[in-house]
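Participant: Got a structure for you, written out below as structure tokens; questions coming shortly.
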Amino acid sequence: MPHKKGLRIGLTILSVLAAVMSMPIVMFSPMMFDAPGSDENALTHFLFFSVLAFPVLCLMGGILPWIFKRRPKSIWLYGLSGLAVGLLVVAIVLLSVKCGGDFAC
């Protein structure tokens with residue numbers, strides 16, 4: 001199963017890079033609540049918690065397959081990184097459609 005090891009290494013590198021590169025976004029994410037009325041918008045809260053969860057899920061998706069590599073289905077733990085991307089995309093699309101891209105509807 002050497003092909004799985006190469007896939008595991010590549011996906012781990014991508015997951016860790018995504019987590020590291022998202023740190024500036026996480027750092028500035030509280031500024032979403034600067035707009036008047038944005039603190040009462042549920043979609044802004046959803047986006048905020050999605051941004052906070054992104055690096056955590058990416059790191060979990062990059063590390064857990066190595067911890068559970070003896071399990072036959074451990075490669076599917078990389079889906080946590082996909083879940084993180086999906087949460088962000090859903091939050092951004094919902095905010096764009098419902099609020100016209102504004103953090104305060």
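Participant: Restricting to the range 1-24, name every residue that is open to solvent by 100 Å² or more (accessible area, probe 1.4 Å) and at pLDDT below 85.
Facilitator: Of all residues in the range 1-24, those open to solvent by 100 Å² or more (accessible area, probe 1.4 Å) come to 1-3, 5, 14, 21.
Residues satisfying the conditions are Met1, Pro2, His3, Lys5.
Participant: Of the numbered conditions (1) open to solvent by less than 40 Å² (accessible area, probe 1.4 Å); (2) assigned to a helix (DSSP H, G or I), Lys98 satisfies every one except a single condition; which is it?
Facilitator: Every listed condition holds for Lys98 apart from (1).
Participant: Can you tell me which residue among Met32, Met60, Met27 is over 11 Å from the mean Cα position of the chain (by Cα) and open to solvent by 70 Å² or more (accessible area, probe 1.4 Å)? First the steps, then the outcome.
Facilitator: Details: Met32 fails: open to solvent by 70 Å² or more (accessible area, probe 1.4 Å); Met60 fails: over 11 Å from the mean Cα position of the chain (by Cα).
Met27 is the lone residue from the list that is over 11 Å from the mean Cα position of the chain (by Cα) and open to solvent by 70 Å² or more (accessible area, probe 1.4 Å).
Participant: Just one of the numbered conditions (1) within 16 Å of the chain's Cα centre (by Cα); (2) in a loop (DSSP other than H, G, I, E, B) is not true of Arg70; which one?
Facilitator: Failed condition: (1).
Participant: Now a separate question. Tally time: how many residues in the range 59-74 are among the small types (Gly, Ala, Ser) and at pLDDT below 75? Write out each step before concluding.
Facilitator: Pass one, the range 59-74, residues among the small types (Gly, Ala, Ser): 61-62, 74.
Then drop every residue that is not at pLDDT below 75, which leaves 74.
Selection size over the range 59-74: 1.
Participant: Does any residue in the range 84-105 that is within 17 Å of Ser22 (Cα to Cα) come within less than 9 Å, Cβ to Cβ, of a residue that is open to solvent by 60 Å² or more (accessible area, probe 1.4 Å) and charged (D, E, K, R) six or more places away or on a different chain, and which pairs are these?
Facilitator: Taking only residues 6 or more apart or on different chains, not a single pair turns up.
Participant: Still on this structure: Return only the number of the condition from (1) out of contact with any Cys (no Cβ under 8 Å at 6 or more places or on another chain); (2) farther than 30 Å from Asp102 by Cβ that Val16 does not satisfy.
Facilitator: So Val16 meets the others, but not (1).
Participant: Let me ask something else. Take the residues in the range 37-56 that are over 15 Å from Ile25 (Cα atoms) and of a type in the set (A, V, I, L, M); name whichever of them is surrounded by the fewest Cβ atoms within 10 Å (Cβ to Cβ).
Facilitator: Residue satisfying both the conditions and the ranking: Ala42.
Participant: Cys105 passes all but one of (1) in contact with a helix residue (DSSP H, G or I) (Cβ under 7 Å, 6 or more places away or on another chain); (2) open to solvent by 60 Å² or more (accessible area, probe 1.4 Å); (3) assigned to a helix (DSSP H, G or I); (4) not basic (Lys, Arg); which number fails?
Facilitator: The one condition Cys105 does not meet is (3).
Participant: Show the residue pairs that are 6+ apart or on different chains and have beta-carbon atoms under 9 Å apart, the first residue being within the range 52-79 and in contact (Cβ under 8 Å) with a residue 12 or more places away in the chain and charged (D, E, K, R), the second being open to solvent by less than 90 Å² (accessible area, probe 1.4 Å) and assigned to a helix (DSSP H, G or I).
Facilitator: Partner pairs satisfying both residue conditions: Lys69/Lys4; Lys69/Arg8; Lys69/Ile75.
The values are calculated or read from the model by the stated rules, or taken from the named source; none is laboratory data. In this text, all values refer to a predicted model and were calculated from it rather than measured experimentally. Don't worry about glycine lacking a Cβ; one is built from the backbone with ideal geometry, like all the others, and counts go over all protein chains shown. Note: areas computed on protein heavy atoms with side chains; ligands, DNA, RNA excluded. Shrake-Rupley method; radii C 1.70, N 1.55, O 1.52, S 1.80 Å.
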